[in-house]
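Heads up: the structure comes next, in structure tokens.
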Amino acid sequence: MFLVASSSPADTAGVASALADHAAPGDLLLLVGDLGAGKTAFSKSFGAALGVEEPMTSPTFTLAREYRGRLPLHHLDVYRLEQMSEALDLDLPDLLDSGGVVLIEWGDMIVPMLPADYLEIRFTFGEGDDDRLIEFVPVGARWAARESALAAVLGVPIEGGS
């Protein structure tokens, strides 16, 4: 696990861009945090860094959108799911096998339905209006193997010294 402090939307965009530069086919990213914490802004910057040229919007009401860039980007928002079983309709295994990246806003709501490998990105408000703490929690072997490299790219130490 490691933390990145952001003091502006531009800082957060830089973090998203750095992560996107190292995205690989089959990556699953969960964006977690309160309303207004920066999940959609992060998603847009991540997509832009992947080369997505069309405007990205939050898929709150459509649940899923696909964008084309260096890698296909499947942007999901599960905030409005009423039951966990509705997540099955998203067909995550096929999305993960598509050769792209799956990015899920409010992903913590469907963790029991997810594969064992994902990167949780948790946004919390800081003291100032634009201050955010962005916590990266690798889950599973795929992300544990990349944790040090990601932390180095983002210029932060890994908590616990690992």
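The values are calculated or read from the model by the stated rules, or taken from the named source; none is laboratory data. In this text, all values refer to a predicted model and were calculated from it rather than measured experimentally. As a convention, Cβ positions derive from the backbone with ideal geometry for all residues, glycine included, and neighbour counts pool all protein chains shown.
Just a few scattered comments:
- Residue check for VAL102: crowded, with 18+ Cβ neighbours inside 10 Å and within 17 Å of the chain's Cα centre (by Cα): yes
- Selection count, region 113-149, where residues are surrounded by 15 or more Cβ atoms within 10 Å (Cβ to Cβ), in contact with a Pro (Cβ under 8 Å, 6 or more places away or on another chain) and assigned to a helix (DSSP H, G or I): 1
- Output for region 43-66, where each listed residue is over 15 Å from the mean Cα position of the chain (by Cα) and modelled with pLDDT of 90 or more: GLY51, VAL52, GLU53, GLU54, PRO55
- Across region 130-154, the number of residues qualifying as over 17 Å from PHE42 (Cβ atoms), out of contact with any strand residue (DSSP E or B) (no Cβ under 9 Å at 6 or more places or on another chain) and modelled with pLDDT under 95 comes to 3.
- Cross-chain or 6+ apart pairs with Cβ under 7 Å, region 142-157 first and more than 17 Å from GLY14 (Cβ to Cβ), then small (Gly, Ala, Ser): PRO157/ALA151
- Given (1) in a helix (DSSP H, G or I); (2) touching a residue at least 12 places away in the same chain (Cβ under 8 Å), number of the condition ASP94 does not satisfy: (2)
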